[in-house]
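Q: This is the structure I have questions about; it appears just below.
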Amino acid sequence: MNIVVAETVLLGEEAFSTLGEVQVVPDREIAPYHLKDADALIIRSKTRVHERLLAESPVRFVGTATAGFDHLDTRYLDRSEIAWCAAPGCNANSVAEYLVAALLELHHRHGIVLEGRSIGIVGVGEVGSRVAEKAEALGMRVLINDPPLEAMARTPDFSARVDPQRYGGFRPLDEVLARSEIVTLHVPLTDEKPWPTRGLARCPFFENMRPGSIFINTCRGEVVDPEALTCALDNGIVEYAVLDVWDPEPEIPLGLLERAELGTPHIAGYSWEGALNGTVACYHAACRFFERSACWPVVEFVPDPPQPRLELETRGRDREDVLAEAVRSVYDIARDDATLREYALPDDAQRGSCFDRLRREYDRRREFFNTRVRLRDDPPGLAGKLRGIGFKADPE
């Protein structure tokens with residue numbers, strides 16, 4: 001069996017070499033000639049899969065080690081009877097932890113108090129539901145909007161990670177925008193009616209937001225109209241923007257990067273565990289499709305975390321300052337922001353290659369659960385908050 005694996009698939013060669021001969025190719029360079037003898041193609045989001053890529057190939061299985069799959073022409077794949085899979089939820093916790101890091105960085109920079117603040121979550125699937133849980137652990141008031149999930153909730157066999165009643169039920173988008181001090185998007189990119197999301201955040205969206213709000217987008221750049229967001233920033237509707245995704249990519253708009261409080265190169269889901277989950281999901285799907293036994297010893301490839309233990313002084317300190325220190329010790333989002341700004345170049349071609357290189361060479365962070373925090377003189381509830389956002393935590 002011959003398998004082409006994109007370069008950014010974590011441990012892709014190690015995993016899929018247990019099934020056959022592996023050829024590793026840079027993501028955006030995968031071309032029809034690479035696939036002339038391939039049985040399977042394993043990719044991430046930078047590789048677009050369509051008829052032009054596969055028409056002359058014997059590929060029977062395509063796996064994307066990502067939660068989203070809008071880079072796959074699934075209609076063509078289904079029509080051609082080419083099996084395909086994605087890895088829904090693989091990096092959901094990573095994105096939720098990115099949100100926590102961003103909010104605590106805003107607290108660190110501007111003294112924004114998170115406890116008691118309202119956060120509107122648009123899209124409460126795998127990612128949004130985890131964001132809701134962590135926001136609640138931080139003491140925030142959560143409002144949720146998700147029309148497709150709300151419609152599903154009316155069916156007898158409804159099942160989802162999120163319990164809408166926990167957050168007062170699903171609310172109309174206009175209400176969420178009007179009542180939220182922070183708005184964060186976690187929707188898939190789709191043109192399908194009745195709930196298309198491409199260009200969801202246009203001028204009317206921002207006009208409904210509270211003046212001085214925080215706006216966060218970590219789903220897809222095309223969900224937001226960049227000019228509308230810039231206008232919202234110019235007019236004080238959005239005070240701080242946190243952007244991990246852009247329209248377009250990889251030649252990201254420099255003007256919007258300059259206006260963003262935090263800007264990162266589409267790495268919110270780039271934890272080591274999130275990437276590994278994607279690889280594992282594709283590997284097991286390929287094993288089922290090709291009727292092969294799964295024999296990759298994945299645990300042998302998991303490295304020790306760089307920060308297994310952390311001890312924090314808490315006496316006389318604000319609880320959110322302590323939380324911010326704990327998170328920065330594991331993931332310093334400000335460093336990712338500074339790196340993107342340092343390497344963002346005026347020339348589109350160079351900027352695009354730089355953006356891709358930052359993603360390709362990204363030093364994948366480890367998720368919070370790998371770190372046990374020991375608190376000196378534990379203030380009431382702080383250990384619980386740390387556990388709520390994902391750490392292991394012990395009072396002294």
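Q: Residues of region 74-96 being surrounded by 20 or more Cβ atoms within 10 Å (Cβ to Cβ) and among the polar types (S, T, N, Q), which ones?
A: Those that are surrounded by 20 or more Cβ atoms within 10 Å (Cβ to Cβ) and among the polar types (S, T, N, Q): ASN91, ASN93, SER94.
Q: Quick check: is even one residue across region 318-330 closer than 27 Å to PHE16 by Cβ, out of contact with any Ser or Thr (no Cβ under 6 Å at 6 or more places or on another chain) and of a type in the set (S, T, N, Q)?
A: Taking region 318-330 and keeping what is closer than 27 Å to PHE16 by Cβ, we get none.
No, that holds for no residue.
Q: For region 21-43, name all the residues that are among the basic types (Lys, Arg) and touching a residue at least 24 places away in the same chain (Cβ under 8 Å). Give the derivation first.
A: Going through region 21-43, the residues among the basic types (Lys, Arg) turn out to be 28, 36.
Of everything in region 21-43, just one residue is among the basic types (Lys, Arg) and touching a residue at least 24 places away in the same chain (Cβ under 8 Å), namely ARG28.
Q: Then there is this: Report, ordered by the first and then the second residue, all pairs with beta carbons closer than 8 Å, sequence separation of six or more or different chains, a first member in region 70-81 that is within 15 Å of LEU53 (Cα to Cα), and a second member that is at pLDDT below 95 and assigned to a loop (DSSP other than H, G, I, E, B).
A: HIS71/SER45; HIS71/LYS46
Each row is one residue, and each column tells you yes or no for (1) part of a helix (DSSP H, G or I); (2) surrounded by 12 or more Cβ atoms within 10 Å (Cβ to Cβ).
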residue	(1), (2)
CYS287	yes, yes
TRP296	no, yes
GLU300	yes, no
ASP304	no, no
GLU311	no, no
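Q: Any idea which residue in region 128-148 is surrounded by the most Cβ atoms within 10 Å (Cβ to Cβ), counting only those that are of a type in the set (Gly, Ala, Ser) and touching a residue at least 40 places away in the same chain (Cβ under 8 Å)?
A: Restricting attention to region 128-148, the residues satisfying the condition of being of a type in the set (Gly, Ala, Ser) are 128-129, 132, 135, 137, 139.
Pick out the ones that are also touching a residue at least 40 places away in the same chain (Cβ under 8 Å) and you get 128, 137, 139.
Values: GLY128: 28, ALA137: 17, GLY139: 16.
Per the stated criteria, the residue is GLY128.
Q: Of the conditions (1) modelled with pLDDT under 95; (2) closer than 21 Å to ILE333 by Cα; (3) among the polar types (S, T, N, Q), THR190 clears all except one; give me its number.
A: (2)
Q: Any idea how many residues of region 47-72 are closer than 16 Å to CYS282 by Cα and not aliphatic (A, V, I, L, M)?
A: Residues in region 47-72 being closer than 16 Å to CYS282 by Cα and not aliphatic (A, V, I, L, M): 9 in total.
Q: Just to be sure I understand, how many residues within region 3-55 are out of contact with any helix residue (DSSP H, G or I) (no Cβ under 7 Å at 6 or more places or on another chain), surrounded by 18 or more Cβ atoms within 10 Å (Cβ to Cβ) and among the polar types (S, T, N, Q)?
A: Number satisfying all stated conditions: 1.
Q: So which pairs qualify, if the first residue must be in region 243-264 and in contact (Cβ under 8 Å) with a residue 60 or more places away in the chain and assigned by TED's automatic domain parsing to the domain that holds LEU103, the second must be in a loop (DSSP other than H, G, I, E, B) and small (Gly, Ala, Ser), the Cβ gap must be under 8 Å, and the two must be at least 6 apart or on different chains?
A: ASP244/ALA268; ILE252/ALA344; LEU254/ALA344; LEU257/ALA344
The values are calculated or read from the model by the stated rules, or taken from the named source; none is laboratory data. Computed from a prediction, not measured in an experiment: that's the story for all the values here. Neighbour counts run over all protein chains shown; Cβ positions are idealised from the backbone, glycine included.
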